[in-house]
Amino acid sequence: MSGPTLTVCRGCCCGRAEKHPGTDHRAQLTAFQRGAARVRVVDCLDACERSNVVVVSPSPAGRAAGARPVWLGGILDDETTGDVLQWVADGGPGIADPPDFLDLQVFSPSRRVRAEAEL
């Protein structure tokens with residue numbers, strides 16, 4: 001698959017019913033896995049204060065256009081999950097603009113966190 005890649009945090013805070021009891025974390029991960037992207041599940045992206053964290057990495061074409069991975073926090077409901085899925089289906093970073101609402105979810109982690117995540 002040559003499209004974007006989703007890195008989905010499912011560690012100490014993200015994906016935990018104890019922290020976000022109103023979110024169906026299993027259904028969210030299933031939706032991501034059935035979407036138009038490769039999905040990589042990681043234990044912790046060290047941005048716990050922004051859980052649930054999803055990183056949308058560009059496709060090769062998106063990288064060629066200058067795109068970098070986009071970190072999203074607070075991906076907790078069907079609407080934001082759907083926005084991520086739609087953006088990926090449209091081509092993701094460097095190819096398509098994200099849905100407007102996702103702009104509120106974008107954040108920049110520290111260089112240390114990005115390096116440790118290898119994104």
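The values are calculated or read from the model by the stated rules, or taken from the named source; none is laboratory data. If you're wondering where the values come from, they're calculated on a predicted model, not measured in any experiment. Methodologically, a virtual Cβ is constructed for each residue, glycine included, from the backbone with ideal geometry; neighbour enumeration extends over all protein chains shown. Surface areas here come from the heavy atoms of the whole protein model, side chains and all, with no ligands, DNA or RNA. Shrake-Rupley method; radii C 1.70, N 1.55, O 1.52, S 1.80 Å.
Here are some notes:
- Inter-label distance for Asp90 and Glu18, nm, one decimal - labels placed 7 Å from Cα along Cα-to-Cβ: 3.8 nm
- Difference of contour (0.36 nm per residue) and Cα-Cα distance, Cys48 to Asp78: 8.8 nm
- Per-residue accessible area (protein heavy atoms, 1.4 Å probe) orders Ile75, Ile95 as Ile95, Ile75, starting from the largest.
- Contact order for the chain, expressed relative to its length and based on alpha carbon pairs under 8 Å spaced 6+ residues apart, stands at 29 percent.
- Mean projection area, nm², convex hull over Cα of the chain: 6.6 nm²
- Within the range 23-87, all pairs of alpha-carbon atoms sorted by distance into 5 Å bins from zero give the percentages 4, 16, 27, 27, 17, 8, 2, 0.
- For the chain, the mean residue ellipticity at 222 nm estimated from helices alone is -8000 deg cm²/dmol, where every DSSP H run of n ≥ 4 contributes -39500 (n - 2.57) and the total is divided by all residues, rounded to the nearest 500.
- Accessible area of Arg50 (1.4 Å probe, protein heavy atoms only, ligands and nucleic acids ignored): about 110 Å².
- With at most 11 other Cβ atoms within 10 Å, longest stretch of the chain clear of loop GluC sites (Glu not before Pro) (DSSP): 19-117
- Gap separating the Cα centres of the range 1-41 and the range 47-119, nearest whole Å: 12 Å
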